[in-house]
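No value in this document is a laboratory result; all are computed from the given coordinates. Source: prediction; values computed, not measured. Cβ placement follows ideal geometry from the backbone for every residue including glycine, while neighbour counts extend to all protein chains displayed.
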Amino acid sequence: MRRTNGLSAIPDELNNLPLRIMPRHNIEATRWDDCVRKSKNESPLAYCEILDILTPDWYGVIIGDYTGVMPLPVARQFGFLTVQMPQEVISLGIFSPEPRIVDSFPVIFNHPAFSVFKFIHYNGSPSYSEIRTIQGCRVKQTFELYLNNDYEKIYRSYSRTHRRNIKAFHDSGLSIDSTPFPGIFTSLIAEIGKTRPELYMPPQYRKRFENMTKYALENDMGETLSVRKNNQLIGGAFFLKSKKRVIPYHLATPEGRRFKTSFAIIDYFIKKHSGQNMVIDFAGSVLPNVAMFNRRFGARPVPYCNVTINRLPQPLKMAKNKNLLFKLRYLFRT
């Protein structure tokens, strides 16, 4: 993957197309969703109904006559407009049937239309071509696993450790329950977050995520899998699905980790959906242990861009750079 650094010009593919930033109520949902659906990098997180639940009052970038679209989770902080990824939304980006439009991320942020935002923190979608970076862009890595092979072939690509852990789960006598349960992920994160602050999810957003899970389950966009021991939930996952892409959200309690529940749950999903033209997007893998877990299912690394642009006045700029605002929100959470 080649990277071109320091490009500051607006990409040629956008020069001849109008670019508008519009509030949600002015966006034509049918045309937006159709553009996302036809994009090679299509994601369930980019559809209007999902965005409406997870990030109310979002804005959208419209390129041309819905030739391309880009979700903007907009929030007002200290009187300034900002763009920040909601919790548990790892990546968005530009969506278009035309690869040249998709590939204009992240250079699109050099467009004057974005000057209204004093702070931008945004992750693009996995990239399959040359990445043209800008100042404030860091290239990170996610992992993807294509399911369009038979299960036996996919299973052979697992590491020996993963196969051993999956066998250990099944030898334990525990079973995986596929009964739909909208609170699967939020219940686990509420419990585990008590002792792991990095997993803390504010109650308001936890409710939004649960509502999104419920919507997905009711509209064939989601699946849940869970494991219980002595009637206690010890591991589970919610899979957000769209036409081409699946994003797994999985957690396990200390007891669940001991019984290797996450290994078995991901394997269960892979076995069920093997042979389908679908990709599991493990949605960011910057932590070494998480990256190893994903890679050892035979998933391949794919780069994506993380962009941080900070035009806030001092001392807010310094606070953002040091992530102090997050710490304050954590200290004074309700």
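Mean Kyte-Doolittle of at least 0.0 and a Cα length of 15 Å or more along the axis: which whole DSSP H helices of the chain meet both?
261-273
Give me the extension gain from residue 204 to residue 179: residue separation times 0.36 nm, minus the current Cα-Cα distance, reported in nm with one decimal.
Result for the pair: 6.5 nm of gain on full extension.
Using alpha carbons only, how many angstrom separate the centre of segment 237-278 from the centre of segment 128-142?
Taking the Cα centre of each part, segment 237-278 and segment 128-142 sit 27 Å apart.
Between segment 172-229 and segment 25-43, what is the separation of their alpha carbon centroids in Å?
Going from one Cα centre to the other spans 27 Å.
Which value in nm describes the separation of the simple spin-label points at residue 28 and residue 171, placed 7 Å from the Cα toward the beta carbon?
Here the answer is 6.0 nm between the modelled labels.
Sorting 55, 261, 179 on the 10 Å Cβ count, fewest up front, what's the list?
Fewest to most other Cβ atoms nearby, the residues stand as 179, 55, 261.
Tell me, 287, 145, 92 in order of fewest to most beta-carbon neighbours within 10 Å?
Ascending Cβ contact count within 10 Å gives the list 287, 145, 92.
By counting other Cβ atoms within 10 Å of each Cβ, how are 127, 175, 274 ranked from fewest to most?
Going from sparsest to densest Cβ surroundings: 175, 274, 127.
Based solely on its DSSP helices, what 222 nm [θ] is calculated for the chain when runs of n ≥ 4 H residues each add -39,500 (n - 2.57) and the sum is averaged over all residues, nearest 500 deg cm²/dmol?
About -8500 deg cm²/dmol.
Please list, ordered by chain and number, the residues whose modelled amide H lies under 5 Å from the amide H of residue 143; skip anything fewer than 5 residues away on the same chain.
Result for residue 143 returns 282, 283, 284, 302.
Once you compute Rg and the Kirkwood Rh from C-alpha atoms, what is the Rg to Rh ratio for segment 148-277?
When Rh is taken as the Kirkwood radius, the ratio is 0.97.
Need one number: convex hull volume per residue for segment 104-197, Cα atoms only, in Å³.
247
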